[in-house]
Amino acid sequence: MLSSQTQFVDLPNGNHVWTRRIGHSPRKLMLLHNSTEMPWQYLTTFTNFARQNDIEIILVEMLGSYLSDQPETDRMPSVAERMSEIQHVVAHYRLDKFAIHGIADTTSLAREYVKDHANARRLLTDQDELASARATEVLGNFDNPDYLNMLRTRLRYTVTV
(Lines give C-alpha, C1' and ligand atoms only; values in the text may rest on other atoms or scores of the structure.)
Protein backbone atom coordinates (compact mmCIF):
# COMPACT_ATOMS: atom_id res chain seq x y z
CA MET A 1 0.00 0.00 0.00
CA LEU A 2 1.35 3.39 -0.98
CA SER A 3 1.00 5.89 1.82
CA SER A 4 0.05 9.50 1.36
CA GLN A 5 0.22 12.42 3.73
CA THR A 6 -1.52 15.78 3.29
CA GLN A 7 -0.10 18.84 5.01
CA PHE A 8 -0.34 22.59 4.85
CA VAL A 9 3.01 24.35 4.76
CA ASP A 10 3.03 27.61 6.72
CA LEU A 11 4.48 30.66 4.98
CA PRO A 12 5.98 33.65 6.83
CA ASN A 13 3.13 35.90 5.62
CA GLY A 14 0.58 33.69 7.41
CA ASN A 15 -0.69 31.93 4.28
CA HIS A 16 -0.72 28.16 3.87
CA VAL A 17 0.24 26.03 0.87
CA TRP A 18 -1.50 22.67 0.44
CA THR A 19 0.81 19.71 -0.19
CA ARG A 20 0.50 15.94 -0.41
CA ARG A 21 3.35 13.45 -0.16
CA ILE A 22 2.78 10.13 -1.90
CA GLY A 23 5.12 7.29 -0.96
CA HIS A 24 8.56 7.38 0.59
CA SER A 25 11.71 6.98 -1.46
CA PRO A 26 15.12 8.58 -1.87
CA ARG A 27 14.00 9.44 -5.43
CA LYS A 28 11.76 12.50 -5.16
CA LEU A 29 9.62 14.40 -7.64
CA MET A 30 7.88 17.68 -6.79
CA LEU A 31 4.87 18.46 -8.99
CA LEU A 32 3.68 22.07 -9.02
CA HIS A 33 0.02 22.90 -9.67
CA ASN A 34 -1.63 26.31 -9.93
CA SER A 35 -5.31 26.58 -10.77
CA THR A 36 -8.26 28.18 -9.00
CA GLU A 37 -10.79 26.30 -11.12
CA MET A 38 -9.29 22.83 -11.29
CA PRO A 39 -8.34 20.86 -8.18
CA TRP A 40 -5.23 18.72 -7.98
CA GLN A 41 -7.06 15.35 -8.32
CA TYR A 42 -5.97 14.95 -11.94
CA LEU A 43 -2.48 14.38 -10.53
CA THR A 44 -3.59 11.18 -8.78
CA THR A 45 -2.52 9.44 -11.98
CA PHE A 46 0.98 9.81 -10.64
CA THR A 47 0.17 7.57 -7.65
CA ASN A 48 0.55 4.41 -9.72
CA PHE A 49 3.59 5.91 -11.38
CA ALA A 50 5.18 6.45 -7.95
CA ARG A 51 4.34 2.92 -6.83
CA GLN A 52 5.70 1.28 -9.98
CA ASN A 53 8.91 3.29 -10.01
CA ASP A 54 9.77 3.64 -6.31
CA ILE A 55 9.40 7.43 -6.39
CA GLU A 56 8.21 9.79 -3.70
CA ILE A 57 5.98 12.48 -5.13
CA ILE A 58 5.20 15.78 -3.47
CA LEU A 59 2.20 17.57 -4.93
CA VAL A 60 2.15 21.32 -4.33
CA GLU A 61 -0.81 23.63 -4.87
CA MET A 62 0.60 27.13 -5.16
CA LEU A 63 -1.09 30.00 -3.30
CA GLY A 64 -4.35 30.93 -4.97
CA SER A 65 -4.92 27.35 -6.11
CA TYR A 66 -7.94 25.27 -5.24
CA LEU A 67 -6.90 24.01 -1.77
CA SER A 68 -4.21 26.50 -0.76
CA ASP A 69 -5.00 29.88 0.75
CA GLN A 70 -6.52 32.47 -1.55
CA PRO A 71 -4.75 35.77 -0.78
CA GLU A 72 -7.06 38.74 -1.16
CA THR A 73 -5.19 40.77 -3.72
CA ASP A 74 -5.71 41.76 -7.33
CA ARG A 75 -2.07 41.41 -8.27
CA MET A 76 -0.32 38.27 -9.43
CA PRO A 77 2.40 36.96 -7.10
CA SER A 78 5.91 37.90 -8.15
CA VAL A 79 8.40 35.27 -9.26
CA ALA A 80 10.33 35.89 -6.02
CA GLU A 81 7.17 35.19 -3.99
CA ARG A 82 6.58 31.97 -5.94
CA MET A 83 10.20 30.91 -5.41
CA SER A 84 9.75 31.52 -1.70
CA GLU A 85 6.65 29.29 -1.65
CA ILE A 86 8.58 26.48 -3.31
CA GLN A 87 11.55 26.94 -0.99
CA HIS A 88 9.32 26.71 2.09
CA VAL A 89 7.90 23.41 0.80
CA VAL A 90 11.43 22.14 0.11
CA ALA A 91 12.48 23.07 3.66
CA HIS A 92 9.31 21.60 5.17
CA TYR A 93 9.94 18.21 3.54
CA ARG A 94 13.72 18.49 4.02
CA LEU A 95 14.36 17.77 0.37
CA ASP A 96 17.98 17.34 -0.51
CA LYS A 97 18.15 16.20 -4.12
CA PHE A 98 14.95 16.14 -6.16
CA ALA A 99 13.36 16.65 -9.55
CA ILE A 100 10.75 19.36 -10.07
CA HIS A 101 8.07 19.53 -12.73
CA GLY A 102 5.55 22.28 -13.32
CA ILE A 103 2.20 21.41 -14.83
CA ALA A 104 0.88 23.97 -17.31
CA ASP A 105 1.66 27.54 -16.21
CA THR A 106 3.98 26.40 -13.40
CA THR A 107 6.52 25.10 -15.95
CA SER A 108 8.26 28.47 -15.87
CA LEU A 109 8.36 28.36 -12.05
CA ALA A 110 10.17 25.01 -12.13
CA ARG A 111 12.61 26.39 -14.69
CA GLU A 112 13.25 29.49 -12.58
CA TYR A 113 13.65 27.55 -9.33
CA VAL A 114 16.46 25.30 -10.59
CA LYS A 115 18.54 28.29 -11.72
CA ASP A 116 19.50 29.11 -8.13
CA HIS A 117 19.15 25.71 -6.46
CA ALA A 118 21.77 23.10 -7.33
CA ASN A 119 19.89 20.41 -5.39
CA ALA A 120 16.94 20.58 -7.81
CA ARG A 121 16.79 19.44 -11.41
CA ARG A 122 14.06 20.09 -13.93
CA LEU A 123 12.40 16.88 -14.92
CA LEU A 124 12.09 17.87 -18.57
CA THR A 125 14.57 20.13 -20.32
CA ASP A 126 14.50 19.10 -23.98
CA GLN A 127 12.13 21.29 -26.04
CA ASP A 128 10.54 18.29 -27.80
CA GLU A 129 9.93 16.59 -24.44
CA LEU A 130 8.45 19.81 -23.06
CA ALA A 131 6.16 20.21 -26.07
CA SER A 132 5.01 16.60 -25.85
CA ALA A 133 4.41 16.85 -22.10
CA ARG A 134 2.55 20.14 -22.48
CA ALA A 135 0.25 18.66 -25.15
CA THR A 136 -0.47 15.63 -22.97
CA GLU A 137 -1.13 17.80 -19.91
CA VAL A 138 -3.41 20.20 -21.79
CA LEU A 139 -5.46 17.23 -22.98
CA GLY A 140 -5.52 15.81 -19.45
CA ASN A 141 -4.16 12.52 -20.77
CA PHE A 142 -1.96 11.78 -17.75
CA ASP A 143 -2.39 8.00 -18.21
CA ASN A 144 -0.69 8.17 -21.61
CA PRO A 145 2.00 5.43 -21.54
CA ASP A 146 4.39 7.49 -23.68
CA TYR A 147 4.06 10.42 -21.29
CA LEU A 148 4.61 8.26 -18.22
CA ASN A 149 7.57 6.49 -19.82
CA MET A 150 9.15 9.84 -20.69
CA LEU A 151 8.76 11.00 -17.08
CA ARG A 152 10.11 7.68 -15.78
CA THR A 153 13.16 7.87 -18.03
CA ARG A 154 13.90 11.49 -17.20
CA LEU A 155 13.44 10.93 -13.48
CA ARG A 156 15.95 8.06 -13.48
CA TYR A 157 18.47 10.33 -15.20
CA THR A 158 17.68 13.40 -13.12
CA VAL A 159 18.18 11.86 -9.69
CA THR A 160 21.47 10.22 -10.63
CA VAL A 161 23.11 13.33 -12.07
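The values are calculated or read from the model by the stated rules, or taken from the named source; none is laboratory data. None of the values given here were measured: they were computed from a predicted structure. Cβ: placed from backbone, ideal geometry, glycine included. Neighbour counts: every protein chain shown. SASA here: full protein model, heavy atoms, side chains in, ligands and nucleic acids out. Shrake-Rupley method; radii C 1.70, N 1.55, O 1.52, S 1.80 Å.
Which of the residues that make up segment 97-134 are surrounded by fewer than 18 Cβ atoms within 10 Å (Cβ to Cβ) and polar (S, T, N, Q)?
If the condition is that a residue be surrounded by fewer than 18 Cβ atoms within 10 Å (Cβ to Cβ) and polar (S, T, N, Q), then SER108, ASN119, THR125, GLN127, SER132 are the ones that fit.
Here is a yes/no grid of residues against (1) at pLDDT below 85; (2) among the charged types (D, E, K, R); (3) closer than 28 Å to PRO77 by Cβ:
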residue	(1), (2), (3)
THR107	yes, no, yes
VAL114	no, no, yes
ASN144	yes, no, no
ASN149	yes, no, no
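When the residues of segment 32-56 are narrowed to those that are touching a Ser or Thr at 6+ places or on another chain (Cβ under 8 Å) and among the β-branched types (Val, Ile, Thr), which ends up nearest to HIS92 (Cα to Cα)?
ILE55
Residues in segment 99-133 that are within 25 Å of PRO145 (Cβ to Cβ) and assigned to a helix (DSSP H, G or I): how many?
The qualifying residues number 11.
Hey, can you tell me all the residues within segment 135-147 that are touching a helix residue (DSSP H, G or I) at 6+ places or on another chain (Cβ under 8 Å) and either in a loop (DSSP other than H, G, I, E, B) or open to solvent by 30 Å² or more (accessible area, probe 1.4 Å) (or both)?
Within segment 135-147, VAL138, GLY140, ASN141, PHE142, ASP143, ASN144, ASP146 qualify.
Given the criterion closer than 20 Å to GLN7 by Cα and in a helix (DSSP H, G or I), identify the matching residue among LEU59, LEU67, LEU43, LEU63.
The unique qualifying residue is LEU43.
Those residues that are open to solvent by 10 Å² or more (accessible area, probe 1.4 Å) and among the β-branched types (Val, Ile, Thr), I need them from segment 35-86; list them, please.
THR36, THR44, THR45, THR47, THR73, VAL79 - these are the residues of segment 35-86 that are open to solvent by 10 Å² or more (accessible area, probe 1.4 Å) and among the β-branched types (Val, Ile, Thr).
Suppose we keep only residues that are closer than 16 Å to MET62 by Cβ and among the small types (Gly, Ala, Ser) within segment 98-118. Which one would you say is nearest to the chain's Cα centre (by Cα)? Full working, then the answer.
So in segment 98-118, the residues closer than 16 Å to MET62 by Cβ come out as 100-113.
With the extra rule that they be among the small types (Gly, Ala, Ser), the set shrinks to 102, 104, 108, 110.
Details: GLY102: 5, ALA104: 11, SER108: 12, ALA110: 8 Å.
If we take residues in segment 98-118 being closer than 16 Å to MET62 by Cβ and among the small types (Gly, Ala, Ser), then GLY102 is nearest to the chain's Cα centre (by Cα).
So which of VAL9, VAL17 is over 14 Å from the mean Cα position of the chain (by Cα) and either at pLDDT 80 or above or small (Gly, Ala, Ser) (or both)?
Step by step, each of VAL9, VAL17 is checked, and only VAL9 is over 14 Å from the mean Cα position of the chain (by Cα) and either at pLDDT 80 or above or small (Gly, Ala, Ser) (or both).
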